[in-house]
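Student: Here's a structure for you.
The values are calculated or read from the model by the stated rules, or taken from the named source; none is laboratory data. Since the structure is predicted, the reported quantities are computational estimates derived from the model, not experimental observations. Backbone-built Cβ (ideal geometry, glycine too); neighbour counts: all protein chains shown.
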Amino acid sequence: MSGAGNMAAGGGPAVGSASSPLVAATPAPPFDIVRIAHVELGVADLQRSRSFYEQGLGLVVTRADANAIYLRGLEERGHHSLILRQESAGACLRLGYRVRSENDLDAAQRYFAAKGLPAEWADTPGQGRTLHVTDPFGHPLAFYASQQRMERRLQHYGEYYSAAIQRIDHVNLFAADLQSTHEFLAGELGFRTSEYTDTDEAAPRLWAVWMHRKGNVHDVALTNGVGPRLHHVGFWVRGELDIIRACDVLATTGWRAALERGPGRHGISNAFFLYLRDPDGHRIELFTGDYLTCDPDFEPIGWKLDDPQRQTLWGHPAPRSWFEEGSQFAGLQPQEPLMPVKPVVAR
Ligand SMILES: [Fe+2]
């Protein structure tokens, strides 16, 4: 199919058309995911990591015990959006999603169990009733409807420091079978697509995709590559100056080597960004400046793989490490991607 009648407002072919690799979000998923809510990372040295995230980036420590530290952003009312656990250093241990209600949690348990996938109840400090599942690609996920409510620090401006991180925004995953992963998230779980990159071929293949439940650009993005692996965790900050401030603080407090890419402006998502590597190599993005996507007639915005402005609006390429390195999921051997990776890297 071709022609203007098949074109979406975002510039590409309409979702679900024969010429689009995108799958429309199911309007009736088996359970209602609200948003990405936390990430759990394995670290080697809890105190070193606490120093990076608390003093380096401005996160708030909610709880610290012998094995784990629970942190949240300044506006967050929930107990945590980041758990650092002293095991499997350098590995991502779990991705956590909020669901709408306790009934949705029970529906999630039935959905994964019916597929023969691991789905077990678990206890995590600060979280309500929690379901741990493994999705068809091996991602370890947590679902829960509630967290212990904390006092938000939004208007405690005297406590703002460095990036003054406000909240978690998204995760970005390397996917070896990106098309199938996209089809599962959209067609099964109801994630809507905001932006995507595809190849310049007669039958375009999907290279990367940004998907959301909460109504901004993404809760989860997929990037073609050796996977499954965690590419990065994105935290939302108030604006560009907080990112510049974080660069100055990190560069002068012993964390200069943490600065990997940026600051800069993405073409995709319009976000102002900075990518950091934490003491165990986990990649963290400071992120601000995206936009609303919740209108029902929102059309995904398409980019071509060879457009230099999709990565960075200003045109400068990313370092090779950004394309090749990521955090493995504990106990999960990543696979080579179905599509060969040909990054455009900085010299
Ligand atoms: Fe990101």
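Let's see how each residue does on (1) modelled with pLDDT of 95 or more; (2) assigned to a strand (DSSP E or B):
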position: Ala18; (1), (2): no, no
position: Val23; (1), (2): yes, no
position: Pro29; (1), (2): yes, no
position: Val34; (1), (2): yes, yes
position: Ser49; (1), (2): yes, no
position: Gln55; (1), (2): yes, no
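Student: Considering only residues that are away from the ligand (no atom under 15 Å from the Cβ) and of a type in the set (Val, Ile, Thr), which ones fall in the stretch 168-192?
Tutor: Listed by number, the list holds a single entry, Thr181.
Student: Return the total of residues in the stretch 204-230 being part of a loop (DSSP other than H, G, I, E, B), within 16 Å of the ligand (Cβ to nearest atom) and of a type outside the set (Lys, Arg).
Tutor: 5
Student: Would it be correct to say that His139 is crowded, with 21+ Cβ neighbours inside 10 Å, more than 25 Å from Leu274 (Cβ to Cβ) and in contact with a Leu (Cβ under 7 Å, 6 or more places away or on another chain)? Steps first, please.
Tutor: Values: crowded, with 21+ Cβ neighbours inside 10 Å: yes; more than 25 Å from Leu274 (Cβ to Cβ): yes; in contact with a Leu (Cβ under 7 Å, 6 or more places away or on another chain): yes.
Taking the combined requirement at face value, the residue satisfies it.
Student: Another question about this same structure. Please go through the stretch 166-203 and pick out each residue that is in a strand (DSSP E or B) and touching a Ser or Thr at 6+ places or on another chain (Cβ under 8 Å).
Tutor: Answer for the stretch 166-203, where residues must be in a strand (DSSP E or B) and touching a Ser or Thr at 6+ places or on another chain (Cβ under 8 Å): Arg167, Ile168, Asn172, Leu173, Phe174, Ala175, Arg192, Ser194, Glu195.
Student: Using the structure shown, decide if Val233 is within 16 Å of the ligand (Cβ to nearest atom), of a type in the set (A, V, I, L, M) and assigned to a loop (DSSP other than H, G, I, E, B). Break it down stepwise before answering.
Tutor: Working: within 16 Å of the ligand (Cβ to nearest atom): yes; of a type in the set (A, V, I, L, M): yes; assigned to a loop (DSSP other than H, G, I, E, B): no.
So Val233 does not fit the description; no.
Student: Conditions: (1) within 16 Å of the ligand (Cβ to nearest atom); (2) touching a residue at least 60 places away in the same chain (Cβ under 8 Å). Thr312 meets all but one. Number of the miss?
Tutor: Among (1) within 16 Å of the ligand (Cβ to nearest atom); (2) touching a residue at least 60 places away in the same chain (Cβ under 8 Å), the lone unmet condition for Thr312 is (2).
Student: Hey, among Ala251, Ala318, Ala258, which residue is at pLDDT 95 or above, over 24 Å from His212 (Cα atoms), crowded, with 16+ Cβ neighbours inside 10 Å and of a type outside the set (Lys, Arg)? Step through it out loud before you land on a result.
Tutor: Values: Ala251 fails: crowded, with 16+ Cβ neighbours inside 10 Å; Ala318 fails: at pLDDT 95 or above.
Going through Ala251, Ala318, Ala258 in turn, the sole match is Ala258.
Student: Additional query: I'd like to know if the stretch 307-315 contains one or more residues that are farther than 25 Å from Ala89 by Cβ and either at pLDDT 95 or above or among the basic types (Lys, Arg) (or both).
Tutor: To start, the set of residues in the stretch 307-315 that are farther than 25 Å from Ala89 by Cβ comprises 307-315.
In the following step, the residues that additionally are either at pLDDT 95 or above or among the basic types (Lys, Arg) (or both) were identified as 310.
Yes, there is a match, as at least one residue in the stretch 307-315 is farther than 25 Å from Ala89 by Cβ and either at pLDDT 95 or above or among the basic types (Lys, Arg) (or both).
Student: Could you figure out which of (1) of a type outside the set (A, V, I, L, M); (2) within 21 Å of Ile243 (Cα to Cα); (3) in a loop (DSSP other than H, G, I, E, B) isn't true of Phe273?
Tutor: The one condition Phe273 does not meet is (3).
Student: What's the number of the condition Pro30 fails, among (1) surrounded by fewer than 23 Cβ atoms within 10 Å (Cβ to Cβ); (2) under 24 Å from His231 (Cα atoms); (3) in contact with a helix residue (DSSP H, G or I) (Cβ under 8 Å, 6 or more places away or on another chain)?
Tutor: Among (1) surrounded by fewer than 23 Cβ atoms within 10 Å (Cβ to Cβ); (2) under 24 Å from His231 (Cα atoms); (3) in contact with a helix residue (DSSP H, G or I) (Cβ under 8 Å, 6 or more places away or on another chain), the lone unmet condition for Pro30 is (2).
Student: Of all the residues that make up the stretch 293-306, how many are more than 16 Å from the ligand (Cβ to nearest atom) and either assigned to a strand (DSSP E or B) or on the phi > 0 side of the Ramachandran plot (or both)?
Tutor: First pass over the stretch 293-306, keeping only residues more than 16 Å from the ligand (Cβ to nearest atom): 294-300, 302, 304-306.
Still in the list and also either assigned to a strand (DSSP E or B) or on the phi > 0 side of the Ramachandran plot (or both): 302, 304.
So the count comes out to 2.
Student: Identify, from the list Asp242, Asp290, the residue that is part of a helix (DSSP H, G or I), of a type outside the set (A, V, I, L, M, F, W, C) and touching a Ser or Thr at 6+ places or on another chain (Cβ under 8 Å). Let's see the steps before the verdict.
Tutor: On the way: Asp290 fails: part of a helix (DSSP H, G or I).
Within the list Asp242, Asp290, the selection yields Asp242.
Student: Please enumerate the residues belonging to the stretch 285-315 that are among the small types (Gly, Ala, Ser) and surrounded by 14 or more Cβ atoms within 10 Å (Cβ to Cβ).
Tutor: Keep residues of the stretch 285-315 that are among the small types (Gly, Ala, Ser), which gives 289, 302, 315.
Gly289, Gly302 - these are the residues of the stretch 285-315 that are among the small types (Gly, Ala, Ser) and surrounded by 14 or more Cβ atoms within 10 Å (Cβ to Cβ).
Student: Could you list, in sequence order, all residues of the stretch 265-284 that are surrounded by fewer than 22 Cβ atoms within 10 Å (Cβ to Cβ), modelled with pLDDT under 95 and on the phi < 0 side of the Ramachandran plot?
Tutor: Arg265, Gly267, listed by residue number.
Student: Follow-up question, since we're still on this one. Which residues, counting only those in the stretch 236-269, are within 15 Å of the ligand (Cβ to nearest atom), of a type outside the set (Gly, Ala, Ser) and in contact (Cβ under 8 Å) with a residue 24 or more places away in the chain? Outline the logic, then answer.
Tutor: Here is the first cut: in the stretch 236-269, the residues within 15 Å of the ligand (Cβ to nearest atom) are 236-237, 243, 260-269.
Adding the requirement that they be of a type outside the set (Gly, Ala, Ser) leaves 236-237, 243, 260-261, 263, 265-266, 268.
Across the stretch 236-269, the qualifying residues are Trp236, Val237, Ile243, Glu260, Arg261, Arg265, His266, Ile268.
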